């Protein structure tokens, strides 16, 4: 049998995941709702005063986005590993890294992208000025995409483990701290009237580094999980 | 060379060799640490700014240095185990983690004790302390992942992937934290200024680092022997030796 070109195979995986998610869209909406709920907690816990909330709004939006995208990661590979789809992919002769990257990309479209789209609204509710919208969206675009790949590594490592979700956060959160630093600072810098180019470029650098090395680590981890 | 690697990589040989090496490491580390401690804590001149409080440097800086060194050593061992499929290297990585985590904890604790007279509080979000804290999280995650597998071989290989991902991230985390604190704090935290340290203050510091390296050699020999025993508990050579 002739092997399909890699990009066709990866595209098929991507479309399949989107279609599966579309048929169970209520599950897709859950992280988004979680995100909005968590950002509501901060004004309740601190102060309703918008001028004070504005100081921490960038950080709050970023922390909430980080937690919300972690929430959905646990199930990323689980069903495919359990029903044997993943074994077929490992055996298919396709580069496993590309297939997994396609899966991560569809995961990002389903969880990361909605968070990014909603974030200006959430930010405004926390007193984020209009000028900072662009930076917030751009930093979250880069940050959530990087986090999806990082989280993909964590999910691949913990897929065969009992109570994997707590472990997954324990593994991924320390690795995601640089993203949080650069992301929330870029928003803070815009609000202080500085140019956010520096942290945004650093975020982009981390994104490309993770994008290039992440699939290698992911496929190594999946091979370990699928074996035996 | 390859013969040597394979010979050392075989558990019975490594077990015996480590047993012979451990006392050498152990006693030399005791002597060096004792000399360095006396030199650093008693003989070294007082700091003109911090008085005697600076002497905790002789514990804090070497432990912080060791905590990072052991993480790299662990990742190298894990990489060797991944690439050449040497089980002993995986066992060495497993033995490194608790020692490294203890050094990280010591560095955090001594840093915090040092912070009390210097900054007036037990904890400051200083760049080095914060990156030590994140390093501790990395160690804990590594150990948690390792302990959550029942099958030791899968635990070895999965945690090796994590160690390699972690070691790429350690410099990124370090520099991001540094950048973060320089943005937030004015440059008042120059009390740790390195070049200003006098040479006679440095000698005991180097001595302490070498002593702790030897201690690490002792601890890893003992732990690795334990790991070998645990992994080879059904092997024939062990029953013959016992």
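Quick note: the coordinates plus some simple rules give every number you see, no bench work behind them. Note that the structure is predicted; figures quoted are calculated from it, not measured. Here the Cβ positions follow ideal geometry from the backbone for every residue, glycine too, while neighbour counts run over all protein chains shown.
Tabulated results
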read-out	value
Shielding score for B:129-140, defined as the mean number of other chain Cβ atoms within 10 Å	2
Relative contact order (percent, whole number), chain B, Cα cutoff 8 Å, 6+ residue spacing	36
Test item: A:154-160 mean partner chain Cβ contacts at 10 Å	4
Cα-based shape type of chain B, given that a ≥ b ≥ c are square roots of the gyration tensor eigenvalues and the cut on a/c is 1.5	oblate
Sequence-separation-based contact order of segment A:24-226, relative, with Cα cut under 8 Å and 6+ spacing, percent	29
Förster radius 45 Å - calculated FRET efficiency between residue A:30 and residue B:230 (Cβ-Cβ, nearest 0.05)	0.60
Per-residue average of Cβ from other chains inside 10 Å of B:161-167	6
Rounded Å value of the spacing that divides the Cα centres of segment A:1-33 and segment B:20-59	60
Ranked by how many other beta carbons lie within 10 Å on average, peptides B:157-166, B:226-235 from highest	B:157-166, B:226-235
For segment B:53-136, the spread of Cα positions along each principal axis, largest first, Å	51, 21, 14
Peptides A:167-179, A:34-46 ordered by average Cβ neighbours within 10 Å, highest first	A:167-179, A:34-46
Cα gyration tensor shape for the protein assembly as shown, rounded if a/c is under 1.5, else prolate or oblate	oblate
Protection-proxy order for peptides A:78-89, A:116-127, B:68-79, each taking the mean of Cβ atoms within 10 Å per residue, highest first	B:68-79, A:116-127, A:78-89
